[in-house]
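Notes to accompany the following structure.
Bear in mind these aren't lab numbers, they're just calculated from the coordinates by the rules spelled out. On a predicted model such as this, the values are computed, not experimentally measured, just so you know. Glycine gets a Cβ as well: all are built from the backbone with ideal geometry, and neighbour counts include every protein chain shown.
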Amino acid sequence: MRDYEKEIQGLKGALLKANEEIEKLSRIKSDFISIISHELRTPLTSIKESVSLVLDGIAGPISEEQKKFLTIAKNNINRLVKIITDILDISKLEAGRIVMHKIKLNINDIIKNVYESVKTAVREKGIEFSLSLGESVELTWLDPDRIGQVLKNLISNAIKFNRGNGKIKILSSKEGINGKDFIKIIVEDNGIGMPQEEIENLFRNFSPLDTGMTRKHGGAGLGLAISKGIVELHGGDIWAMSEPDIGSKFIFTIPIYKKHEEFDFLIEEAMERAKRNDNKIAIIVFEIKEVKKRAENVIAEIEDIIKKTVRGPEDKIVRWEKGECIVIIAAADRPGAMVIIKRLRGNIKLPLSFGISVYPDEAMDKEELIKKAQEDLNSGKNSMASQRVLLIIDDEEDLASMLSFRLNNVGFDTITANSGDNGIELAKKNKPDLILLDLMMPEVDGFEVSKRLKLDSATKHIPIIVFSALGNKNTKESIEKLGAAGFIEKPFEPELLISKINEFLGGKNG
């Protein structure tokens, strides 16, 4: 029995080693294909441009005969570029390196764009080309360029295996399949069709249809295999239906994610992409602090501001917790997430709480990532509102500059003035939330600044915190008479000043 178990363990070890070797060889093959494809594309670009220069007459006049042969050469260069691109795409698909840049949109818009880009070429071949797009088609998450690539591949196939006076039609609709909603796209033609045994091999690599038409039009048989890979990376399926001499239908589906499904789907996709590329992702959860203000129109307005502010091409914004929380899924670590928070300050006027969690630094799976973000949100330590503006009036430029830097670092926006007159002017122009005023300044001192601001209806409501090295009793009494909100004696601890500022502004600045 022990010998038997030992033999099984040995076989398991051998199988594991063999699988590792297969994976290693697959990576080597993919890397080799990528390098070769790149090296081929570079000289082909030069050849194509050289032929174009001669063909366009820029390099000198050419005869009609020469033009004909150069056109043949250019067409075949384009075919070769297409084959190399397809091989590169297959290599990326096999290696799991193909990246989807998904956005939420209506697939009908993609179909219309593809239709407009190819309709002239299709009709020049004497083929009737039309659309039938369903009005019930909903927005869903997809990569417009890659789905456009799938459509072009299917249209190209429909052209290849059509005939004179043929027809091609693209249809879209919403359809329920096994209890889930999908967008269904059909590219149909009335061409030569194909038998069932050929359909079974259609979506395999290097499996073009073995017909005279295929040999006539060429191709490496990769377009449908690439289309299959792209559709499956969207969570959909692709298949074909055909009858000889009647025509073919190529059908693919893209799932529609309901609001309660989008959150999980986008996080899972982001984590998978992060694993593949050895990157990090952060989820930032926002919630309106006051429950009574969580109306849908308010949440939608904040969501729109966030969408306009977030810049990353892979960053996504989605609702969570019955739509009351807004989540940013960003390709970032925690400092990167805080940069996003900083960009949002000043744009959002309503106080928000937020929570952050980062994969893989702080959580290794989706559930833990969500839990950590929720705990961070509920802790109450992260608060964000529009940035409060502070005006610093102090003739000591170095001190004003350093104080400005510190206050910026804790979330305040600052303006500095190095004289009393300039400070009064900036206060009237900017209407800051609070003024930090030095008493001892030449010409117009802090007493005069405070007096003038309090006499002006435009600035009299602005709280003033006075700081000075003159901390005697008479000074404090004079400040009280002027109506200053507070006094801090120089030198002071920065934490004390920040605490005082927050106290007078009615809470912590974001």
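Among the listed pairs Lys184/Lys372; Lys68/Lys160; Lys102/Lys184; Lys308/Lys428; Lys280/Lys500; Lys258/Lys307, a Cα-Cα separation exceeding 28 Å is found for Lys184/Lys372; Lys308/Lys428; Lys280/Lys500. When the P(r) is computed for the stretch 127-192, the part past 18 Å accounts for 45% of the Cα-Cα pairs.
Hey, got the dipole for the stretch 103-255? About the Cα centre, +1 on K and R Cβ, -1 on D and E Cβ, debye to the nearest 20?
On the way: 19 positive and 20 negative charges, 84 e Å.
Once rounded to the nearest 20, the dipole reads 400 debye.
Think of each Lys and Arg Cβ as +1 and each Asp and Glu Cβ as -1; about the Cα centre, that makes the dipole of the stretch 389-504 roughly 520 debye.
Legend: ranking of residues His234, His461, His260 from fewest to most surrounding C-beta atoms inside 10 Å; resulting order His461, His260, His234. Computed extension length for Ser457-Asn347: 36.9 nm, one decimal, from 0.36 nm per residue of separation with the Cα-Cα distance subtracted.
How do Glu269, Glu321, Glu397 line up, fewest other C-beta atoms within 10 Å first?
Glu397, Glu321, Glu269
Less than 5 angstrom separates the built amide H of Cys325 from those of Trp320, all sequence-distant by 5 or more or on a different chain.
Extending 7 Å from the Cα toward the beta-carbon at both Ala300 and Lys152 defines two label points whose distance is 3.6 nm.
Given the Cα-Cα distance of Glu232 and Arg204 and 0.36 nm per residue of separation, how much length would full extension add, in nm?
On the way: separation 28, 0.36 × 28 = 10.08 nm, distance 1.37 nm.
Net length gain for the segment: 8.7 nm.
With bins 10 Å wide beginning at 0, the percent of Cα pairs of the stretch 389-504 falling in each bin runs 14, 53, 31, 2. Here Thr42 and Lys104 are evaluated by their C-beta separation; at R0 = 35 Å the FRET efficiency comes out at 0.45.
If we count every other residue with Cβ under 15 angstrom of Ile424's Cβ, Lys/Arg +1 and Asp/Glu -1, where does the sum land?
On the way: positive: Lys428, Lys429, Lys431, Lys451, Arg452, Lys454, Lys460; negative: Asp394, Asp395, Asp421, Glu425, Asp438, Glu443, Asp445, Glu448, Asp456.
Residues near Ile424 contribute -2 overall.
Compactness of the stretch 103-255 is given as radius of gyration and Dmax, 14.8, 43 Å, from Cα positions. Volume per residue for the stretch 259-384 equals 96 cubic angstrom (convex hull of Cα atoms).
Below 11 angstrom from the Cβ of Leu224, what's the summed charge of the other residues (Lys, Arg +1; Asp, Glu -1)? Walk me through the intermediate numbers first.
On the way: positive: Arg204, Lys228; negative: Asp86.
Every neighbour counted, the sum reads +1.
Other residues whose C-beta falls under 10 angstrom from the C-beta of Ile183 contribute a net charge of -1, scoring Lys and Arg +1 and Asp and Glu -1.
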